[in-house]
Amino acid sequence: MADDWTLLTGVVSHPDALLERLLTEVTWTEQMRSRRTASMGLPYNYSGAEYPPAPWHPAVAELRDRVGALAGFTPTNCLLNLYPTGRHSLGWHSDDTDILAPGTPIAIVSLGAERPLGLRRDSEDGFEYRSQPLPAGSLLLMSAAMQATWRHRLPRHKTLEPRVSLTFRHIVRVMSEGERRAASGRPPEW
């Protein structure tokens, strides 16, 4: 993977049709302040949000199999993020790789409005910044090494159109309640 990530375009043949289907058929939660979310497959917990095991939507299951073939792993979870407009964003972060099968990347399929993914890492002069456009129907593969050196975000963008990202992971370990609390920085009595 060049620069620890790879972008493949045209992975979804009819991204607008899939977007419309997900917008109308998925049950979205409002656990996150900046966006709506849903999870399928194994349980997934992060940033204080907890997603129990859930069945795969048929269209997401079909996409899961295609992504798995392209990425070289079997996704066991998909976290879907709905950004209703460009005002909805996601701050700087890196993804937890301790729960993933060793050596597996995180795979993100983008639908809807094209948005840039902001990337930054420490450099001798402060931070090095990059921007990676994420067109509808594309697949971004982010290596585990990328999560160790780069932080990424989805900044606000001038669009009124929705964006959905489908983040596929091969989770092999679900965090315990104590581990989730420790990772979130909440005291044990919470």
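Every number here is computed from the coordinates shown, using simple stated rules; none is lab data. Here the structure is a predicted model, which means the values were calculated and not measured. FYI the Cβ positions are ideal-geometry reconstructions off the backbone, even for glycines, and counts take in every protein chain you see.
Quick notes
- Taking Trp92, Trp28, Trp5 and counting other C-beta atoms within 10 Å, the order from fewest to most: Trp92, Trp28, Trp5
- Taking GluC sites (Glu not before Pro) in DSSP loop conformation with at most 10 other Cβ atoms inside 10 Å as exposed sites, the chain has its longest uninterrupted site-free stretch at 31-123.
- Difference of contour (0.36 nm per residue) and Cα-Cα distance, Tyr129 to Glu50: 25.3 nm
- Cut-off 11 Å between beta-carbons: net charge of the residues surrounding Arg35, Lys and Arg +1, Asp and Glu -1: +3
- Label positions at Asp122 and Arg66, each projected 7 Å from the Cα along the C-beta direction, are separated by 4.0 nm.
- Radius 15 Å from Cβ of Thr159, net charge of other residues (Lys, Arg +1; Asp, Glu -1): +3
- Local net charge near Thr74, Cβ-Cβ under 11 Å (Lys/Arg +1, Asp/Glu -1): +1
- Amide H contacts of Leu90 (H built 1.01 Å from N, under 5 Å, at least 5 apart or other chain): Leu154
- Simple label model, 7 Å out from Cα along Cβ direction - Asp96 to Glu25, nm: 3.0
- Of Arg64, Arg130, Arg120, the one that fluctuates the most in a GNM where the chain has Cα springs shorter than 10 Å: Arg130
- Phi angles of the stretch 81-88 translate, via the Karplus equation with coefficients 6.51, -1.76, 1.60 and θ = phi - 60°, into HN-Hα couplings of 10, 10, 9, x, 9, x, 6, 8 Hz per residue; Gly and Pro are given as x.
- Here the contact order of the chain, divided by its residue count and restricted to Cα pairs under 8 Å and six or more residues apart, works out to 30 percent.
- Under the convention that each Lys and Arg Cβ holds +1 and each Asp and Glu Cβ holds -1, the size of the dipole of the chain around its Cα centre is about 400 debye.
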